[in-house]
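> The structure's right below; bear with me while I get my questions together.
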Amino acid sequence: MTHSRAAVTAPEGNTTGTRRHPVLSTAVRRIAVPVQDAVDLVRRALSPDFCEGYWDGVWARRVREPGTGERQDMRDRCAWMTVTVWLLDAIVHNRPGTVRGSQQWWSGELGDPLVGYLTDSVCTSVDDTLGQVKDLQACSDLLPYVLESHGEGSRRSVMLRPETMHARLAKKHSGVFYTPEDVADHMVSRALDGIEDVTPITVLDPACGTGVFLRSALRCIQKKEGSRDPLGTVCSKLYGSDIDGLALDAAAAVLLLECMESVRARKILPLTAWHAIRLNLVQVDALRLTPSIEASETFDLARRERLALRASLKSGVLPSATNRVWETARIGFGELYPELHEGPRLIVGNPPYADIGKEGLLAHGLYFHTLRGAPRATSDIYPAFVEQMVRLAAPNAHGGALVLPLSIACNSGKQFRALRALIANEPGHWNFSFFDREPHALFGEDVKTRNSIVLWTRKANETAVSVQTGPLRKWRTTDRKRMLASIAYTPFTGDIITGIPKLANAVQTQGFARVCELSAVMGNPALSLRKSSLKRAMDSSDPAVYVGPTAYNFINVFVGSPKMGELDGLPLSENPLYAIPCADEEEAFELYAILASRLCFWLWHVQGDGFHVSKAFLDSLPLGMVRRKAEREILSSAGRLAWSVTRARPIVSCNKGRYSLAYSLSADIKDALDRVVLDALGLDDGLAAELASFDTAVSTASF
Ligand SMILES: C[S@@+](CC[C@H](N)C(=O)[O-])C[C@H]1O[C@@H](n2cnc3c(N)ncnc32)[C@H](O)[C@@H]1O
């Protein structure tokens, strides 16, 4: 595997204290370009034969790991470590160094064969290239992103620099989106707070990448415990795995940088301290891990051997690497981490968001509920990581924190229903927060995804399941810090298998429960939806209501044949709309009143994916209740009035030369419609006020 010569884009969360995200991205790019150039220089100077022996002697984890089945290119890994050592040396000594000097600092009297292998001219070129990294403090803060080896590749980078497409595809394929530091900090500290009385605390990130979560966990634990020995904390409390060995080498370096105080106090070489940390990071497909059932003499022996190995590394001795053969498809957790055979107390991370693939399905399909529910190569891999969180955590008190796509809350596919069923039956406190992608996104402007953060904590012997939820949050760049700090939860006791509703407070929860009750009692007559183009909608004279298939700050609804003069003769958008044919005009206005109300928009937010207006959503509206005779006339006249005002203010937009229309209601019209609709449903006034503030919060993106 070779890596493209491209800059890495950091996620745009907080890192250096510089919270202006575009600046941050530029800061990473400024460091990552010379770093990757230097890696290329070293890589080209190394021969595969030299690297095999060099790797085994110097860099290989001291106990061989299961790996991924295919051997990664050792030239890449040696080159990355050479550059990483250069950067660490420069950061620690706060000055640009040299390849030879940094190797001397790193390996000391143990020596490093690379020093004699690289020519003076290669070393000088590498020093000159890395000398372009001027801001060493930024380099230190951004290290997990700088050492991300795929290189820059995001939706935005491809628009700006098409040559980054290759890296983007590789990242997408393997589901690699590195987590912003502020998100990792938020998740780790909330999760640790949730199991405060558990000791000793141990943390695993099963897909740890370059160690963003483990670094957050280290800082948080150090602070809580007031410890002065970060190396001790890392070695005894922090564990990781990843299928990418390069990422693990980098994660060990990221953690080591936090431990320099311990390295100095112990008077040991950075190389052996790095190995002590790397021992806790294992290259393995985390889905192969199974809980280790019981302690045995074998475990005890392995545990003692491992503790002895760790102790010698921490005292500055570098034993040779021990070979181990990993033959079985499933690997007991205790085999990889013998001293932790019961499992970690806390499992955190950002698992890959990608398809499981044919091979993954063959390897894991039978083993995970969520894959058994939907045994397809295109099934998502991340639900299996949620299962692993639940399955691998130590018995009794434990917890987890995962950042996931929004689909965990709203995808109606079998895999996701199976996942939610699993959660609904798993004791503990499940807290969900949800994040929209506009105006700002949790992973920053380059990655633009909608996300959920799942926090799970269970105290010893708790057997009840409690679920708390939150709204689909929207915020602006400048509010990011406040938004994360203000995250709170609302208890929800209803069914979560069909979806986890996104509710902001008790009023919303009660309102939603009432709507569900009404639907259950009255039934929801399925709407006879069909697809229609805008042109057909405008030409038709049959009574009908049209609904846009996607939405953002409002749902686009209009009553049939608007005949807008402005669009006459213009090429119209061919994006299909939903057409809901009605028996007569009265029925069309009645339906319009409901679909254009804030209640409908809010329900869409609560249940939907923040973008699509699905047929299932439209069918779930409590129309059975409101469409009783007595209410129909009132609704119909309210709808007629609302439409007569609204149709005069179309929003005309043009995309790639094709025009479309949308209609958004003014606040007073929405107030009037809400009153009528809520009244028809027998929902109280408190909800009307709540819907008005919800609507304002959405349109002003105030979380
Ligand atoms: C979304 S990235 C997250 C990395 C890091 N935890 C972070 O948040 O910045 C996902 C990581 O999962 C790793 N990965 C993918 N499939 C895996 C598997 N089956 N087992 C372990 N790690 C895996 C990738 O190599 C990548 O580093």
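> Inside segment 79-102, can you point out the residues that are in contact with a Cys (Cβ under 9 Å, 6 or more places away or on another chain) and either at pLDDT below 95 or open to solvent by 10 Å² or more (accessible area, probe 1.4 Å) (or both)?
Those that are in contact with a Cys (Cβ under 9 Å, 6 or more places away or on another chain) and either at pLDDT below 95 or open to solvent by 10 Å² or more (accessible area, probe 1.4 Å) (or both): ILE91, THR98, ARG100.
> State all residues of segment 194-219 that are part of a helix (DSSP H, G or I), within 16 Å of the ligand (Cβ to nearest atom) and open to solvent by less than 30 Å² (accessible area, probe 1.4 Å); if no residue qualifies, say none. It would help to see each step written out before you state the result.
Initial filter on segment 194-219 (part of a helix (DSSP H, G or I)): 194, 212-219.
The next check asks that each one be within 16 Å of the ligand (Cβ to nearest atom); those that pass are 212-219.
Across segment 194-219, the qualifying residues are VAL212, PHE213, LEU214, ARG215, SER216, ALA217, LEU218.
> Taking ALA252 as the residue in question, decide whether it is within 12 Å of the ligand (Cβ to nearest atom) and either crowded, with 24+ Cβ neighbours inside 10 Å or in a loop (DSSP other than H, G, I, E, B) (or both). Break it down into steps so the answer makes sense when it comes.
On the way: within 12 Å of the ligand (Cβ to nearest atom): no; either crowded, with 24+ Cβ neighbours inside 10 Å or in a loop (DSSP other than H, G, I, E, B) (or both): yes.
It is false that ALA252 is within 12 Å of the ligand (Cβ to nearest atom) and either crowded, with 24+ Cβ neighbours inside 10 Å or in a loop (DSSP other than H, G, I, E, B) (or both).
> A further question follows. Answer yes or no: is there a residue in segment 62-75 that is without any contact (Cβ under 8 Å) to a residue 40 or more places away in the chain and in a helix (DSSP H, G or I). If you could, list the steps in order and put the result at the bottom.
So the first thing to find is which residues in segment 62-75 are without any contact (Cβ under 8 Å) to a residue 40 or more places away in the chain, and the list is 69-71, 74-75.
Now drop any that are not in a helix (DSSP H, G or I), which leaves 74-75.
Yes.
> Go over the candidates ARG675, ARG628, ARG649 one by one and state the one that is modelled with pLDDT of 90 or more, surrounded by fewer than 20 Cβ atoms within 10 Å (Cβ to Cβ) and over 19 Å from SER699 (Cα atoms). Write out each step before concluding.
Details: ARG628 fails: modelled with pLDDT of 90 or more; ARG649 fails: over 19 Å from SER699 (Cα atoms).
Only one candidate passes the filter, namely ARG675.
> I've got another one for you. In segment 399-414, how many are more than 16 Å from the ligand (Cβ to nearest atom) and either open to solvent by 10 Å² or more (accessible area, probe 1.4 Å) or hydroxyl-bearing (Ser, Thr, Tyr) (or both)? Write out each step before concluding.
Step one: filter segment 399-414 for residues more than 16 Å from the ligand (Cβ to nearest atom), giving 399, 409-414.
From what's left, either open to solvent by 10 Å² or more (accessible area, probe 1.4 Å) or hydroxyl-bearing (Ser, Thr, Tyr) (or both): 410-414.
Of the residues in that region, 5 qualify.
> Quick one: in segment 576-615, of everything that is farther than 19 Å from SER528 by Cα and not in a helix (DSSP H, G or I), which residue is farthest from the chain's Cα centre (by Cα)?
In this case the residue turns out to be SER597.
> Run down PHE492, PHE554 and say which single residue is touching a Ser or Thr at 6+ places or on another chain (Cβ under 6 Å), closer than 29 Å to ALA689 by Cβ, in contact (Cβ under 8 Å) with a residue 12 or more places away in the chain and open to solvent by 50 Å² or more (accessible area, probe 1.4 Å).
Working: PHE492 fails: open to solvent by 50 Å² or more (accessible area, probe 1.4 Å).
Residue meeting the stated conditions: PHE554.
> Would you check if there is a residue in segment 568-586 being hydroxyl-bearing (Ser, Thr, Tyr), open to solvent by less than 10 Å² (accessible area, probe 1.4 Å) and in contact (Cβ under 8 Å) with a residue 12 or more places away in the chain? Can you show your working first?
Our first condition is that a residue be hydroxyl-bearing (Ser, Thr, Tyr); within segment 568-586, this holds for 573, 578.
Cutting the leftovers down to open to solvent by less than 10 Å² (accessible area, probe 1.4 Å) gives us none.
No, segment 568-586 contains no residue that is hydroxyl-bearing (Ser, Thr, Tyr), open to solvent by less than 10 Å² (accessible area, probe 1.4 Å) and in contact (Cβ under 8 Å) with a residue 12 or more places away in the chain.
> Considering only segment 223-249, state which residues are under 25 Å from the mean Cα position of the chain (by Cα), away from the ligand (no atom under 16 Å from the Cβ) and either free of Cβ contacts under 8 Å to residues at least 12 places away in the same chain or in a loop (DSSP other than H, G, I, E, B) (or both).
none
Rundown of residues vs (1) farther than 16 Å from ALA60 by Cβ; (2) charged (D, E, K, R), yes/no style:
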{"position": "VAL254", "(1), (2)": "yes, no"}
{"position": "GLU258", "(1), (2)": "yes, yes"}
{"position": "GLU261", "(1), (2)": "yes, yes"}
{"position": "ARG266", "(1), (2)": "yes, yes"}
{"position": "LEU269", "(1), (2)": "yes, no"}
{"position": "ALA273", "(1), (2)": "yes, no"}
{"position": "ALA276", "(1), (2)": "no, no"}
{"position": "PRO291", "(1), (2)": "yes, no"}
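> Among the residues of segment 355-374, how many are within 12 Å of the ligand (Cβ to nearest atom) and either open to solvent by less than 10 Å² (accessible area, probe 1.4 Å) or closer than 30 Å to ARG303 by Cβ (or both)?
So the first thing to find is which residues in segment 355-374 are within 12 Å of the ligand (Cβ to nearest atom), and the list is 355-357, 359-360, 363-364, 368.
Within this subset, residues satisfying the condition of being either open to solvent by less than 10 Å² (accessible area, probe 1.4 Å) or closer than 30 Å to ARG303 by Cβ (or both) are 363-364, 368.
Final tally of qualifying residues: 3.
> Could you tell me which residue of segment 449-478 is modelled with the lowest pLDDT, considering only residues that are open to solvent by 20 Å² or more (accessible area, probe 1.4 Å) and closer than 17 Å to PRO352 by Cα?
Among residues in segment 449-478 that are open to solvent by 20 Å² or more (accessible area, probe 1.4 Å) and closer than 17 Å to PRO352 by Cα, the one modelled with the lowest pLDDT is THR449.
> Looking at ARG330, is it of a type in the set (Lys, Arg) and more than 14 Å from the ligand (Cβ to nearest atom)?
On the way: of a type in the set (Lys, Arg): yes; more than 14 Å from the ligand (Cβ to nearest atom): no.
Spelling it out, it is not the case that ARG330 is of a type in the set (Lys, Arg) and more than 14 Å from the ligand (Cβ to nearest atom).
The values are calculated or read from the model by the stated rules, or taken from the named source; none is laboratory data. What you see is a predicted model; the values in this text were computed from it and never measured. Glycine gets a Cβ as well: all are built from the backbone with ideal geometry, and neighbour counts include every protein chain shown. Surface areas here come from the heavy atoms of the whole protein model, side chains and all, with no ligands, DNA or RNA. Shrake-Rupley method; radii C 1.70, N 1.55, O 1.52, S 1.80 Å.
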